[in-house]
Every structure is written in structure tokens, then in C-alpha cells.
1. Hey, residue 106 hits all of (1) of a type in the set (Val, Ile, Thr); (2) surrounded by fewer than 18 Cβ atoms within 10 Å (Cβ to Cβ); (3) closer than 21 Å to residue 41 by Cβ but one; which does it fall short on?
2. So is residue 98 touching a strand residue (DSSP E or B) at 6+ places or on another chain (Cβ under 9 Å), modelled with pLDDT of 80 or more and on the phi > 0 side of the Ramachandran plot or not?
3. With respect to residue 94, is the statement that it is surrounded by 19 or more Cβ atoms within 10 Å (Cβ to Cβ) and touching a Phe, Trp or Tyr at 6+ places or on another chain (Cβ under 6 Å) true?
4. When the residues of region 44-89 are narrowed to those that are charged (D, E, K, R) and assigned to a strand (DSSP E or B), which ends up surrounded by the fewest Cβ atoms within 10 Å (Cβ to Cβ)?
Amino acid sequence: MSTRSSTLRILVPLVLAVVAIPTFGIGGAFLYQRYRGHLGLHLGESCGYSGTCAGAPCIHDGSGSYCSKLCDSDGDCPTAYVCESTRSGRRHACMKAGIDDGSGKTRRQR
């Protein structure tokens, strides 16, 4: 992760909390929640990129593109999903089980 990216991850929520909420009231709170991932598309909903999902990555695989959910184990995911490492390898997300993962491999079943 670049220094600029790290700085933005710290500054954007700070600016939203300090400036947007007091200045714009409820609208500022809405912007802050949207940025932090409390609002947005949820697990299984169709997406184009991760910014539209509620705090989780947008998965692109053989079944199409859908919002995921961050997880630590299969127990954190619904029955039709498994907890797998994302392409970056930095985190795990619920992904549809038994689907081609986009690299020619089929994800395991639960």
C-alpha cells in the first residue's frame, strides 16, 4: 500500500467526521456512513466495483459480479458461500461455493 493511499484512508474519515457531519448535519452523517460501508449493496447483490458494496469487496467470477462479505471462516458465511482469500491475499471474503474463481479453478463446496 502506498503512503498516499494510507494517508487518504486516515484523512477522508477524519474530514468527514470533523467537517461534513457538523456542517451538513444528517447529510454529513449519511456521507460518513456511506464511506465507512454501513450503507450500500449487500452480500450477493450485483455490483460493478467494491465501492458500491457495504464495506466488502465486489467479487468477479464465473457467476458474474456480486458483493461479498468479509469473513474469518466458513461459519461467517451463508450456506451457499465459502470463506476464501481475496486476490490481494490481505483479507478473506464470502464467495459463492463451487464456482469457477476466474482463474480456471473451481471453488470448494461446503
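The values are calculated or read from the model by the stated rules, or taken from the named source; none is laboratory data. The shown structure was predicted, so the numbers you read here are calculated from the model rather than taken from an experiment. Glycine gets a Cβ as well: all are built from the backbone with ideal geometry, and neighbour counts include every protein chain shown.
1. Failing condition for residue 106: (3).
2. Numbers: touching a strand residue (DSSP E or B) at 6+ places or on another chain (Cβ under 9 Å): yes; modelled with pLDDT of 80 or more: yes; on the phi > 0 side of the Ramachandran plot: yes.
Criteria met by residue 98.
3. In short, yes.
4. We begin by selecting, within region 44-89, every residue charged (D, E, K, R); these are 45, 61, 69, 72, 74, 76, 84, 87.
So of that shortlist, the ones also assigned to a strand (DSSP E or B) come out as 61, 84.
Details: 61: 15, 84: 20.
Per the stated criteria, the residue is 61.
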